[in-house]
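**Student:** Here's a structure for you.
Only the coordinates and a few stated rules stand behind these numbers; no lab work does. Small disclaimer: the values here were computed from a predicted structure and weren't measured. No Cβ is skipped: glycine too gets one built from the backbone with ideal geometry, and neighbour counts run over all protein chains shown.
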RNA sequence: GCUGACGUAGCUCAAUUGGCAGAGCACCUGAUUUGUAAUCAGGCGGUUGCGAGUUCGAUUCUCGCCGUCAGCUCCA
């Protein structure tokens, strides 16, 4: 919402970044202000910012405040550029397909899209044609012209665009309705835009896909065209390079190449087969985590995979999670289901005897395999599957213990994420619209979480309304080696399940009290986490996780025995070592070892066999001089690296 | 689930307008005994995802199903 000026005659105060103040009449164009600062700045300007709000150079100034000129160097300018690129796309599509209905066309991360209502979906040829037409629109340098209109006029202008008419009806009475025109194309749009279409030079259309109108699957499906746009060719090239890098790291490709895991049509979609090498990675993580959580005061439990449906009636899953659950199977007249979550089982263990305040906090942990029905279209490699193992834990505690438990968790998470080399950010998700429990309790819990975070100097952002219906939560977002964000650990406060199960403990006052419950996962799903790790490390696991840590390569048959003995020595030291004595050249076997991303290749020739040494080639050390070291020393070095979990 | 694209040897990909299904790598055998990213030769390998249909003839065209991919919606 844009403030309308209270009194049109009062001058507006613009405070420039250097502290200088300019007074201008309301209605002055930012372009003129920028020109007044410097003509070269006007050339470089993309838009301006007033008190953090971006507007274009040709929108009359309505208010004063901190005034800043956005150039191509500002991150915020990219959104403006991409939004304009979306309009240019629509301009091109409308020229070639006048009957295409126009939907929304916003800027998104790395690019933009525009939704069109068309009878026939677009083909790759269409995209090429649209992109060529866009280049013409750019060459024509149409200015983006903003107009503010009243509702009647807006409806008149978009009389033939039902999607836009619907949007106009949704606009509040006090909202300004504006249109933007570039050459032949007019769009209902809030802006801002770059000055003219000629500013959008470096772009590409990437792909098309169906998208429901307004994200609602009950409404018609539109055709969405995605594109990317940048201010310089170098940035566009860098973006393409990033895509290639992501492709190179794809966990599905690497998983097959490194023989880690697979799926099989006969097993079913979204169900993972862990091969021996993948199982090593997974079990290393599990063993590490087991030690970690035992040190942090957890106790391990196991609960069944298939349980009576009645349990999920009590927990409420059958009511609120049913569409994500596998169907029931009948056993002796009773219905059973694969568990979609581990919490009800852990609660049953808590309830198995009467609990005293002296027992609390109780922390139950399980690597619990759960099954959830996911719609076929959402399945994705290891990252979105139908069966997965959570490193799940539930903490039962008193109200007074919560902040201590949260602090303990933050330590745990920090230690774990450092081990894997992930930087992370923290997000606090608050009360959603439909939530259980009194609002005061939510506020209390949210404040508590915020206080603990602040007390530790941990920066966090707030996701308003992003909490689960049963309680607020903390989400940790991992940042991987190429800057992408992944869902990491989560901690959720639960006001609901203790009520539903009527959980109690006896307090020091000899009265019954309801415990609080925390749900938390660290890696979340082993499947997703390992898939993510593969991409993070590009398949090159650190020694402690590597399925094969050392591969011994005898140069020729006469040192085969020495190499075999060295391999045994490595194994005896607890290392995962293998001997590659295949009848192939050394070059061939070195290449194979590199491609399998083995951390160390230990080459043994005549000299090494005689001296009891190995020629060590560290992964990726192509062209570098090899270290000739005594076998004992090499073993000690790799063991040290393994035990310290060096990255 | 919805929209679109795709599905050929273990993997990556070929196969004029419908006309005998092919290559590289991997695997096996032999030769070679190798000093840091592919030694040479030979061989094995296929109901072209599955099932119908059109046709003298289908990897190719049509329909259905299954799976994968890009998104939408949803999510660990």
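**Student:** Per the helix-only calculation at 222 nm, which mean residue ellipticity applies to chain A, given -39500 (n - 2.57) for every DSSP H run of n ≥ 4 and division by its residues, nearest 500 deg cm²/dmol?
**Tutor:** -10500 deg cm²/dmol
**Student:** A further question on this structure: Please give the helix A:560-572 orientation as an angle from the longest Cα principal axis of chain A, in degrees from 0 to 90, rounded to the nearest 10.
**Tutor:** Tilt of helix A:560-572: around 80 degrees.
**Student:** Then there's this: So in chain A, what percent of DSSP beta bridges are antiparallel if you round to the nearest 5?
**Tutor:** Looking only at bridges with both residues in chain A, the antiparallel portion is about 85 percent.
**Student:** Relative to the first principal axis of the alpha-carbon coordinates of chain A, what is the inclination of helix A:439-455, with its axis defined by its Cα atoms, in degrees from 0 to 90 and to the nearest 10?
**Tutor:** 70
**Student:** For a test of the definition: using alpha carbon positions, the gyration tensor, and the 1.5 limit on a/c, classify region A:134-268 as rounded, prolate or oblate.
**Tutor:** Here region A:134-268 falls in the oblate category.
**Student:** Report the relative contact order of region A:542-604, percent, no decimals, based on alpha-carbon pairs under 8 angstrom and at least 6 residues apart.
**Tutor:** Over region A:542-604, the number comes to 51 percent.
**Student:** Turning to a different aspect of this structure: Given an 8 Å cut-off on Cα distances and at least 6 residues of separation, report the relative contact order of region A:76-245 as a percent.
**Tutor:** 29
**Student:** Would you mind classifying chain A by shape? Square roots of the alpha carbon gyration tensor eigenvalues, ordered a ≥ b ≥ c; an a/c under 1.5 is rounded, otherwise it is prolate if a/b is larger than b/c and oblate if not.
**Tutor:** Oblate is the answer for chain A, as a/c is 1.5 or above yet b/c matches or exceeds a/b.
**Student:** So if I take the centroid of the Cα atoms in region A:198-249 and the same for region A:88-156, what is the distance between those two points in Å?
**Tutor:** Result: 14 Å between the Cα centres.
**Student:** A follow-up question, please. Under 16 Å from the 7 Å Cα→Cβ point of residue A:218, by amide nitrogen: which residues of region A:417-455?
**Tutor:** Hits in region A:417-455 for residue A:218 at 16 Å: none.
**Student:** Over chain A, what is the relative contact order in whole percent, taking alpha-carbon pairs under 8 Å and six or more residues apart?
**Tutor:** Rounded, it is 9 percent for chain A.
**Student:** Could you order the peptides A:220-229, A:323-332 from most to least packed, using the average number of other C-beta atoms within 10 Å per residue?
**Tutor:** By packing density, highest mean first, the sequence is A:220-229, A:323-332.
**Student:** Another question, then. Would you mind computing, in nm to one decimal, how far apart the modelled labels at residue A:207 and residue A:299 are, each placed 7 Å from Cα along Cα→Cβ?
**Tutor:** About 4.9 nm, to one decimal.
**Student:** In terms of the Cα gyration tensor, with a ≥ b ≥ c the square roots of its eigenvalues, is region A:550-643 rounded because a/c is under 1.5, prolate because a/b exceeds b/c, or oblate?
**Tutor:** Because its axes are fairly even, with a/c under 1.5, region A:550-643 counts as rounded.
**Student:** Quick one: length gained pulling residue A:156 to residue A:479 fully straight, 0.36 nm per residue minus the C-alpha distance?
**Tutor:** 111.5 nm
**Student:** Hey, another quick one. Quick check: the distance between the Cα centres of region A:585-622 and region A:416-459, to the nearest angstrom?
**Tutor:** Centre-to-centre (Cα) distance: 49 Å.
**Student:** With axes computed from alpha carbons, what is the tilt in degrees of helix A:631-643 against the longest principal axis of chain A, rounded to the nearest 10 within 0 to 90?
**Tutor:** Here the helix axis deviates by roughly 50 degrees.
**Student:** When DSSP beta bridges are limited to those with both residues in region A:550-643, what percentage is antiparallel, rounded to the nearest 5?
**Tutor:** 50
**Student:** Next question, about the same structure. Cβ neighbours within 10 Å, averaged per peptide: list A:388-397, A:612-621, A:300-309 in order, most packed at the top.
**Tutor:** Ranking the peptides A:388-397, A:612-621, A:300-309 by packing returns A:388-397, A:612-621, A:300-309.
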